[in-house]
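Read through the structure below, which is laid out as structure tokens, and then see the notes.
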Amino acid sequence: MSIVLGIESSCDETSASICVDGKIVSNIIANQTIHEQYGGVVPELASRVHQQNIVPAVHQAITAAKINKKQIDAVAFTRGPGLLGSLLVGTCFSKAFALANSIPLIEVNHMQAHILAHFIDEPKPTFPFLCLTVSGGHTQIVLVKNYFDMEIVGETLDDAAGEAFDKTAKILDLPYPGGPLIDKNAKLGNPDKYKFPEPQIQGLNFSFSGLKTAILYFVRDHVKENPNFLQENINDVCASVQSRIVSILLNKLKKAATQYQIKDIAIAGGVSANSGLRETLLAMRESHGWNVFIPKFEYCTDNAAMIAIAGYYKFLEKDFVGQDVSPLARMPF
Ligand code: KG4
Ligand code: ZN
């Protein structure tokens, strides 16, 4: 039997998870609400709250898994990418835990872990598959050849898809974090009411900064004519913006699937919780003959279960790191 403790602290969620023989048996996530009043994550505050939350989160994960901490065989942690101060908390905790219990330490790349969340439950994709990884900081199309053999074949040249949602929410005077709120309002609106531009970017890369500017001018002009424009039309605006972000993402994914002749298609990362993206992708399963893989909601946004499962596959390979490891704000695959 092999038991891996996973630790995630790259942004504003402190999370701990236990993986027993490739099965996730606990996944504790402590959210940080302090950032809401600032309209975005304040890195300095995030690291302090991680410091408060990490020991209780690990304790709860061990208790919920009904194991003893002495049974843990390895500790896997997010080395990057992410906020450095936040990553330092998870890294230091994991190093200390490994040292105190004389167990190996496993580094995990957060973006790879989002993809490997697809190996938590059945059905699992088969290699090679394509994964659209969409989060607050990244937008990537990844060709996944094996657990740790991944190639980024397309990525954003400016803002990430999650940023496009969050910045739009700010323009629309919606509180942080805006992505889930745009999703909620969009369910009640007409996605064809307003047409926002689709950027013409070569190849498999993305750009969202032009869309953000177009939304800014759109809102400014309409509010000038009617000061109540946003209150009266918020659902239609959200539905139309969401529909454009989803079409930008899925048109590139379709192009990648054709280019690489791949039928196993996955999505991952916080924005994969978006209902418009999930529904449109499911519809494409029929029209394109794809096998579609969509994570459970709890494995879309940041969580330690994805770190624990990635750690489990590295544990099988004895892919360990030493006590001199340090976190990386930017971390290539
Ligand atoms: O993967 P994640 O939890 O953290 C990062 O690694 O960045 O992704 C967070 C992002 C945020 O931008 C948030 O607004 C977005 O995911 N998000 C959503 C939804 N849920 C989370 N965006 C659109 N619709 C949602 N339902
Ligand atoms: Zn993430």
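Computed from the coordinates by the stated procedures, all read-outs in this text should not be read as laboratory data. Remember, it's a predicted structure, so these values are computed and weren't measured experimentally. Every residue, glycine as well, gets a Cβ built from its backbone with ideal geometry; the counts of neighbours run over all protein chains shown.
What the table below lists for this structure:
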| item | result |
| --- | --- |
| Those trypsin sites (Lys or Arg not before Pro) in segment 161-250 that DSSP places in a loop and that have at most 15 other beta carbons within 10 Å | K187, K193, K195 |
| Total charge dipole magnitude, the chain, about the Cα centre, Cβ charges on Lys, Arg, Asp, Glu only, Debye to nearest 20 | 280 debye |
| Compactness of segment 126-295, expressed as Rg and Dmax over alpha-carbon positions, Å | 16.2, 54 |
| Contact order normalised by residue count of segment 252-318, Cα under 8 Å, 6+ apart, percent | 34 percent |
| Rg and Dmax [Cα atoms of segment 123-211; Å; Rg one decimal, Dmax integer] | 15.5, 43 |
| Options P180, Q200, F218, ranked by Cα towards positive dipole end of segment 126-295, top entry (Cβ charges) | Q200 |
| Cβ-based exposure ranking for F297, F119, in which fewest neighbours within 10 Å come first | F297, F119 |
| Of I29, I67, I248, the one that fluctuates the most in a GNM where the chain has Cα springs shorter than 10 Å | I67 |
| Label-to-label distance, nm, for residues given as E286 and L188 (7 Å Cα→Cβ offset) | 2.8 nm |
| For A266, residues with placed amide H under 5 Å, excluding near neighbours | L130, C131, L132, F293 |
| P(r) weight above 29 Å for the chain, C-alpha pairs, percent | 39 percent |
| Relative contact order [Cα under 8 Å, 6+ residues apart], the chain, whole percent | 25 percent |
| Most fluctuating residue given options D73, D149, D159, as computed from a GNM of the chain linking Cα atoms under 10 Å | D149 |
| Calculated FRET efficiency for the pair F297/K195, C-beta based, R₀ 30 Å, to 0.05 | 0.50 |
| Segment E155-L45, length gained on full extension (0.36 nm per residue, minus Cα span) | 36.7 nm |
| Footprinting exposure proxy for S243, S287, S135 (fewest neighbouring C-beta atoms within 10 Å first) | S287, S243, S135 |
| Restraint check, K145/K254; K255/K314; K193/K263; K23/K167; K195/K254; K145/K252, Cα-Cα greater than 25 Å | K255/K314; K193/K263; K23/K167 |
| Footprinting exposure proxy for F320, F97, F333 (fewest neighbouring C-beta atoms within 10 Å first) | F333, F320, F97 |
| Full-extension gain in nm, K263 to F320, via 0.36 nm per residue minus C-alpha separation | 17.2 nm |
| Simple Cβ-charge dipole of segment 126-295, Lys/Arg +1 and Asp/Glu -1, about Cα centre, in debye nearest 20 | 200 debye |
